[in-house]
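Take a look at the structure below.
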Amino acid sequence: MRLISMKYVFCLLSIAFFTSLQAAAQTWAPGGPIPDEEYRFFSEIRGTSPKANLVIAERTESVRIVQPDDPNIILNSSTSVSKIKRHFRALLDETIADFNTKNSRSHLFENKFTFAGKYTFASADQLRATLHSPVHPYDQRRSFRSTFSGATGYYEFSRVGFNAAGDQALLYQVYECGEDCGSSTYYFYIKQNGAWKQKGKYVRFLS
């Protein structure tokens with residue numbers, strides 16, 4: 001009887017131990033919860049513009065910068081390391097690595113932005129019912145304006161890749177305003193005298 005009780009206790013302890021490990025792994029896994037430094041970065045680079053209501057997709061865009069010899073990539077849907085370095089010559093490998101790690105999956109934003117103007121999160125269901133609906137682009141935009149008080153489109157942001165020193169940053173931004181309207185752009189920033197300065201942008205798609 002005592003042996004059975006000991007086995008039972010050991011089993012419970014084992015379950016508790018592995019559960020705690022799993023929880024810790026989820027908390028500390030690469031690309032985990034978005035830290036405050038990224039919200040501060042977004043809020044600083046947006047500054048006071050636009051002052052109108054800003055509509056943001058509630059989840060981050062999942063995107064990768066890839067090596068061109070990777071057999072699993074499709075170059076027309078991915079950006080290669082060599083291409084992005086041609087646009088941003090000072091961009092470090094460690095910044096790209098941090099960007100890729102954070103953007104290996106999508107993350108949910110929290111209400112932590114401090115833009116000068118108002119902002120609203122758009123859910124996947126709201127986007128499917130408006131700008132992603134299978135209707136004419138004019139009707140998509142009309143439906144979106146009705147849902148989001150006159151807004152003509154929404155922004156989708158990636159996580160921000162930083163270097164170890166925290167003085168350079170890489171961001172991918174998508175703007176969508178209907179089936180026939182939108183853009184996707186990489187932005188490169190350097191921190192100078194304590195402030196982020198845009199040093200370049202690479203427009204990947206424009207419609």
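Observations on the structure shown:
- If you go through the range 164-173 and keep only what is crowded, with 19+ Cβ neighbours inside 10 Å and either under 15 Å from the mean Cα position of the chain (by Cα) or in a loop (DSSP other than H, G, I, E, B) (or both), you end up with Ala169, Leu170, Leu171, Tyr172.
- From Ser143, Ser149, residue being more than 22 Å from Phe99 (Cβ to Cβ), part of a helix (DSSP H, G or I) and either outside the structural domain of Arg128 (by TED's automatic domain parsing) or not charged (D, E, K, R) (or both): Ser143
- The set of residues in the range 189-207 being touching a Ser or Thr at 6+ places or on another chain (Cβ under 9 Å) and either more than 19 Å from Glu38 (Cβ to Cβ) or outside the structural domain of Phe99 (by TED's automatic domain parsing) (or both) consists of Tyr202, Val203, Arg204, Phe205, Leu206, Ser207.
- Filter pass, Arg142 being surrounded by fewer than 17 Cβ atoms within 10 Å (Cβ to Cβ), over 26 Å from Asp36 (Cβ atoms) and modelled with pLDDT under 95: yes
- Being of a type in the set (Ser, Thr, Tyr), more than 22 Å from Val203 (Cβ to Cβ) and assigned by TED's automatic domain parsing to the domain that holds Gln67 is a property that does not hold for Thr95.
The values are calculated or read from the model by the stated rules, or taken from the named source; none is laboratory data. From a predicted model like this one, the values you see are computed outputs, not experimental measurements. Methodologically, a virtual Cβ is constructed for each residue, glycine included, from the backbone with ideal geometry; neighbour enumeration extends over all protein chains shown.
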